[in-house]
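Undergrad: One structure, as structure tokens, below. Some questions next.
The values are calculated or read from the model by the stated rules, or taken from the named source; none is laboratory data. Small disclaimer: the values here were computed from a predicted structure and weren't measured. Neighbour counts are summed over all protein chains in view; Cβ atoms, including those assigned to glycine, are modelled from backbone coordinates with ideal geometry. When the accessible area is computed, the model is the full protein with side chains, heavy atoms only, and any ligands, DNA or RNA have been set aside. Shrake-Rupley method; radii C 1.70, N 1.55, O 1.52, S 1.80 Å.
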Amino acid sequence: MTVTDIEPEPAQLAGGIASVRIVRVVRETDDAVSLELAPVDGHAGRFDYKPGQFLTLRIPSERTGSVSRCYSLSSAPHEDGPLKVTVKRTFEGYGSNWLCDNAVEGMSLDVLPPAGLFTPGSLDSDLLLFGGGSGITPVLSILKSALAQGSGHVTLIYANQHENSVIFAAELAELAAAHPDRLLVLHWLQSVQGLPSVEQLAALAKPWAAREAFVCGPGPFMDAVSAAMASLGADRKRVHVEKFVSLSGNPFETDSTAVDLEAAEIEGDNATVAVELDGENHELTWPRSRTLLDVLLAEGIEAPFSCKEGACSACVCRVVSGAVTMRRNEVLEDDDLADGYVLACQAVPVTDDVSVTYS
């Protein structure tokens, strides 16, 4: 497939979809690449982001036309350079393998704007960061932002299979040398030390267990870290785990949301929702058979979203009054639910009147 086959014209892009051009491909390791991305003219304003957030990319597929995949940003907002996502090849991973094999300078891609909740509330806090393999990607963004724009101390525990698989090894060494009084990097190599156990991770993390923690990596690694932090008595609300679930759908494909909503409204079983988003207030009819995200998009409101499957946190909002239920939830923890957070792509009304906010 040629580059021109996947280059969308800006005028053709609808809703929240934007376009970026690859300005540089960096070979980080034998099986990982970083793609430096620049928004096309007129789309730069859609890419304000927080450290730890991700982009959803549209990747060409000869079989289905395209697939969508989420990749964390390894760049940091303060760097004022190109956006950068880092992709590691995975076994039978179509999206990661396609990008590692085919991404070249000059290629254009469709993307959804930055999203996600895996970001510190304050860069001045002391942080404990865990990265496993390519899970270092959002963690690095947080780390760089905290050092450049915050005042706290940062400890990073970074696990990899072997020395040659350590992504960003040189950059981490430079950051540690530049901030010896604020940054401590601890490497764990499976080839030398074996898989880290819960007990070993707890021993490593113990001196900093009271800090706010951010964890990203393979599922078993994140489970082990979570168990280790729990054994140390860490507050669950201060341990943030970034989960990515493979998407079965494709948010870049056109759907019939508006038509479905018209049919649903005719049926007459509706609630009313008040929505605060980007400083604006909207009051809308909410058919009980449709999700909140469907309602917002059908009204032309550019609400954030990515997977539409309850498998990421891009569309999260908070219920202020009333009640909703979710059809599916793969990412929000019990504490999040207790605080009123829901996924707009899965939320349907329970009460007649609901109020939500995205702030």
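Undergrad: For segment 124-139, does any single residue satisfy the condition of being modelled with pLDDT of 95 or more, among the aromatic types (Phe, Trp, Tyr) and either touching a Gly at 6+ places or on another chain (Cβ under 9 Å) or surrounded by 17 or more Cβ atoms within 10 Å (Cβ to Cβ) (or both)?
TA: yes
Undergrad: Give me a count of the residues in segment 65-120 that are of a type in the set (Val, Ile, Thr), within 20 Å of PHE305 (Cα to Cα) and open to solvent by 10 Å² or more (accessible area, probe 1.4 Å). Break it down stepwise before answering.
TA: To start, the set of residues in segment 65-120 that are of a type in the set (Val, Ile, Thr) comprises 67, 85-87, 90, 104, 111, 119.
Keeping just the survivors that are within 20 Å of PHE305 (Cα to Cα) gives 67, 85, 111, 119.
Cutting the leftovers down to open to solvent by 10 Å² or more (accessible area, probe 1.4 Å) gives us 67, 119.
Summing the residues that are of a type in the set (Val, Ile, Thr), within 20 Å of PHE305 (Cα to Cα) and open to solvent by 10 Å² or more (accessible area, probe 1.4 Å) in segment 65-120 gives 2.
Undergrad: Give the residues of segment 297-306 that are out of contact with any strand residue (DSSP E or B) (no Cβ under 7 Å at 6 or more places or on another chain) and not acidic (Asp, Glu), sorted by residue number. Show your work before the answer.
TA: Step one: filter segment 297-306 for residues out of contact with any strand residue (DSSP E or B) (no Cβ under 7 Å at 6 or more places or on another chain), giving 297-298, 300, 302, 305.
Answer for segment 297-306, where residues must be out of contact with any strand residue (DSSP E or B) (no Cβ under 7 Å at 6 or more places or on another chain) and not acidic (Asp, Glu): LEU297, ALA298, GLY300, PHE305.
Undergrad: Taking the stated definitions as given, is PHE221 buried (at least 19 other Cβ atoms within 10 Å of the Cβ), under 19 Å from LEU147 (Cβ atoms) and within 22 Å of the chain's Cα centre (by Cα)?
TA: no
Undergrad: Limited to segment 262-303, what total is found for residues that are modelled with pLDDT under 85 and surrounded by 15 or more Cβ atoms within 10 Å (Cβ to Cβ)?
TA: 2
Undergrad: Among the listed residues GLY194, GLY217, GLY233, which satisfies the condition of being without any contact (Cβ under 8 Å) to a residue 24 or more places away in the chain and of a type in the set (Gly, Ala, Ser)?
TA: Working: GLY217 fails: without any contact (Cβ under 8 Å) to a residue 24 or more places away in the chain; GLY233 fails: without any contact (Cβ under 8 Å) to a residue 24 or more places away in the chain.
Unique residue meeting the criteria: GLY194.
Undergrad: How about segment 17-52: which of its residues are open to solvent by less than 20 Å² (accessible area, probe 1.4 Å) and closer than 21 Å to PHE214 by Cβ?
TA: Passing the criteria: ALA32, SER34, PRO51, GLY52.
Undergrad: Further, regarding this structure: Quickly run through segment 296-322 and pick out the residues that are among the charged types (D, E, K, R) and at negative phi. I'd like the intermediate steps shown before the answer.
TA: So the first thing to find is which residues in segment 296-322 are among the charged types (D, E, K, R), and the list is 299, 302, 308-309, 318.
Residues satisfying the conditions are GLU299, GLU302, GLU309, ARG318.
Undergrad: May I ask you to list pairs of residues, at least six apart or on different chains, whose Cβ atoms are under 9 Å apart, with the first in segment 155-166 being surrounded by fewer than 22 Cβ atoms within 10 Å (Cβ to Cβ) and the second being in a loop (DSSP other than H, G, I, E, B) and not polar (S, T, N, Q)?
TA: Short answer, once both residue conditions are applied: THR155/ASP126; THR155/ARG211; ASN164/ASP30; SER165/ASP30; SER165/ASP31.
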